[in-house]
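The values are calculated or read from the model by the stated rules, or taken from the named source; none is laboratory data. Quantities reported herein were computed from a predicted structural model and do not represent experimental measurements. Note: ideal-geometry Cβ built from the backbone for every residue, glycine included; neighbour counts use all protein chains shown. Surface areas here come from the heavy atoms of the whole protein model, side chains and all, with no ligands, DNA or RNA. Shrake-Rupley method; radii C 1.70, N 1.55, O 1.52, S 1.80 Å.
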Amino acid sequence: MKRSVAQIRELLRVPSAGGGAVDLAAIDPRGTPGIPAELSRREAKAWARERVAQLGGQLATWQEMLYAGAQVDPDAARRVLLVLQATDCGGKDGTIRRVAGAMNPQGLEIRSFGPPTPQELRHDFLWRIRRALPRPGHVGIFNRSHYEDVLIVRVESLVPEPVWRGRYDEINAFERELVAGGFTLVKVFLHISREEQRERLLKRLDNPTKHWKYNPADLAARARWDDYQAAYAEVLARCDGPDAPWYVVPADRKWYRDWAVASILAETFAGMGLEYPSGDFDVAAERERLLAAS
């Protein structure tokens, strides 16, 4: 029996940590939760890709409704923010390209966050995040995010431990503020295995057209794999909540990753009750005026 899209968020919601860190080792990066069990691997791949294309059209319609609402009533406008986090080679770029590709660029804002600039370092760590938030009526996608300040900052000891530990509460307060202000937050961790990361790094080295994506520093980060997994596990436990949930998407299989993220977004939009706004004019009268004028 095929699972409905409405079940995917439940399947991929971060497991309860019981007050401690999430056990990422218990989540199979090659798993395919929600894919009909009766399908062969080849059939499942084709099934998922077909549904990604279908979901793309639905996402585009919901995005247009969101945008239209903001044009009619800016004060009541809502926004959607998809936060994508992953280790190096986790597939953030590919996910954005395939899942957001059907959306209208006019209502889509994509932001990537690398190392902070000298100007950004002079401010609170959330300063650059606030400046990158999507405008009312827009869908925003963060390729990395404010969570880097409790991930790489933690693993590489860029600030003292009391500083980064205090940021969990700051992040939670920030996200509650966003939700209260009309944001719908969707936070996705793309979960890949160490073996899959190795294969993707090798492909970058073996393909001259991908050398620009390779960074020798990636190997230094890879050597700290266990430290990064521990950092992510604590983030997922400390910063998951009913209004700003975390989803863990097994991402070794790209076709599954794309379907899962598209499905999570689709269910999120479906639950927002979006509609096209009504015009504040007499449609029949305007039609008569137009016909008379022509």
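Some values worked out for this structure:
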{"item": "Residue match in the range 61-79 (condition: part of a strand (DSSP E or B) and under 22 Å from SER278 (Cβ atoms))", "result": "yes"}
{"item": "Test result for LEU66, among the hydrophobic types (A, V, I, L, M, F, W, C), modelled with pLDDT of 95 or more and surrounded by 12 or more Cβ atoms within 10 Å (Cβ to Cβ)", "result": "yes"}
{"item": "Contacts under 6 angstrom Cβ, first residue in the range 191-206 being under 23 Å from LEU12 (Cβ atoms), partner assigned to a helix (DSSP H, G or I), 6 or more apart", "result": "ARG194/TRP225"}
{"item": "Which listed residue is open to solvent by 50 Å² or more (accessible area, probe 1.4 Å), of a type in the set (Phe, Trp, Tyr) and closer than 24 Å to GLY114 by Cα, from TRP212, TRP246", "result": "TRP212"}
{"item": "Sole exception among (1) over 24 Å from PRO15 (Cα atoms); (2) open to solvent by 50 Å² or more (accessible area, probe 1.4 Å) for VAL153, by number", "result": "(2)"}
{"item": "Failed criterion for ILE110 (all others in (1) open to solvent by 10 Å² or more (accessible area, probe 1.4 Å); (2) over 18 Å from ARG257 (Cα atoms); (3) not in a strand (DSSP E or B); (4) not basic (Lys, Arg) hold)", "result": "(3)"}
{"item": "Flag for ARG204 being of a type in the set (D, E, K, R), open to solvent by 60 Å² or more (accessible area, probe 1.4 Å) and not in a loop (DSSP other than H, G, I, E, B)", "result": "no"}
{"item": "Members of the range 216-238 that are exposed (fewer than 13 other Cβ atoms within 10 Å of the Cβ) and not in a helix (DSSP H, G or I)", "result": "PRO216, ALA223"}
{"item": "Close pairs from the range 83-109: first without any contact (Cβ under 8 Å) to a residue 24 or more places away in the chain, partner part of a loop (DSSP other than H, G, I, E, B) and open to solvent by less than 10 Å² (accessible area, probe 1.4 Å), Cβ under 8 Å, at least 6 apart", "result": "none"}
{"item": "Given (1) assigned to a helix (DSSP H, G or I); (2) closer than 28 Å to GLU170 by Cα; (3) not hydrophobic (A, V, I, L, M, F, W, C), index of the condition ARG42 fails", "result": "(2)"}
{"item": "Residue that is nearest to ALA102 (Cα to Cα), among those in the range 36-59 that are open to solvent by less than 20 Å² (accessible area, probe 1.4 Å) and hydrophobic (A, V, I, L, M, F, W, C)", "result": "LEU59"}
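This table checks each residue for (1) closer than 23 Å to ALA60 by Cα; (2) open to solvent by 10 Å² or more (accessible area, probe 1.4 Å); (3) touching a residue at least 24 places away in the same chain (Cβ under 8 Å).
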{"position": "GLY137", "(1), (2), (3)": "yes, no, yes"}
{"position": "PHE142", "(1), (2), (3)": "yes, no, yes"}
{"position": "VAL159", "(1), (2), (3)": "no, yes, no"}
{"position": "GLU170", "(1), (2), (3)": "no, yes, yes"}
{"position": "THR184", "(1), (2), (3)": "yes, yes, yes"}
